[in-house]
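Taking it in order: structure first as structure tokens, then the write-up.
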Amino acid sequence: MKKICKIVNIEVKKESSIFIKSSGRLEQSIYPPLHGIKNMGWKYINLFIIDSDFKSIKKDDYVLLPSNRIIQVEEKCNALGYTTMDEVAFLYLPKSTKKILATSDNYLDLPQLSYEFIEKYITSYNMGNIITDVVLEYNLKNNKIGKIDICKQYWNRDEHISDIKRIIELYSTTYNGGNINKWIDSNLIE
């Protein structure tokens with residue numbers, strides 16, 4: 001199954017292989033700095049792929065609360081003796097709670113983002129193109145994460161022209177307004 005999900009980066013207190021420098025640049029290292037990170041103005045962060053479908057949250061899932069606090073749902077269930085997620089969700093979890101599907105946080109028992117995906121995210125982030133949406137391929141039966149692709153967020157003029165011409169080709173024999181190239185020249189800015 002493929003699903004479009006959000007990806008967020010969140011500051012964490014424990015060490016992480018991803019950190020943001022005081023300059024605003026993200027970096028990844030298999031040997032992250034362990035001491036003096038706060039003195040340098042750096043912060044540890046982790047990446048989280050989240051699902052905003054509140055109804056998909058169930059016992060044992062890790063969730064991201066609106067306060068950016070991460071909890072495992074079972075904590076609430078076990079502490080209060082509830083057995084169904086509906087009772088817990090109704091009483092305790094805000095509707096804006098997000099289910100965490102994958103992460104760079106190796107302290108959580110969740111599917112891990114690959115080093116290559118994290119590098120792609122960091123490169124894009126440092127170029128000013130912050131990735132917010134990803135296409136996640138996963139198996140519902142065993143909750144295994146497959147491929148993660150970045151959703152395209154920007155298209156250039158040539159791509160738009162190609163798409164317009166392809167749509168006209170597929171759905172009609174002619175453009176009703178006359179010459180499509182004339183319409184493109186007057187409506188799509190160079």
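The values are calculated or read from the model by the stated rules, or taken from the named source; none is laboratory data. These numbers come from a predicted model, not from an experiment. For neighbour counting, all protein chains shown are included, and Cβ atoms are generated from backbone atoms with ideal geometry for every residue, glycine included.
Structural remarks
- Residue pairs whose Cβ atoms lie under 9 Å apart, sitting 6 or more positions apart in sequence or on different chains, and linking a residue in the stretch 108-122 that is more than 15 Å from Val8 (Cα to Cα) to a partner that is charged (D, E, K, R) and at pLDDT below 90, are Pro111/Lys144.
- Top-ranked residue of the stretch 33-71 - restricted to ones that are of a type in the set (Lys, Arg) and not in a loop (DSSP other than H, G, I, E, B), ranked as surrounded by the fewest Cβ atoms within 10 Å (Cβ to Cβ): Lys55
- Single unsatisfied condition, Ile30 versus (1) within 18 Å of Gln112 (Cβ to Cβ); (2) surrounded by 15 or more Cβ atoms within 10 Å (Cβ to Cβ); (3) of a type in the set (Val, Ile, Thr): (2)
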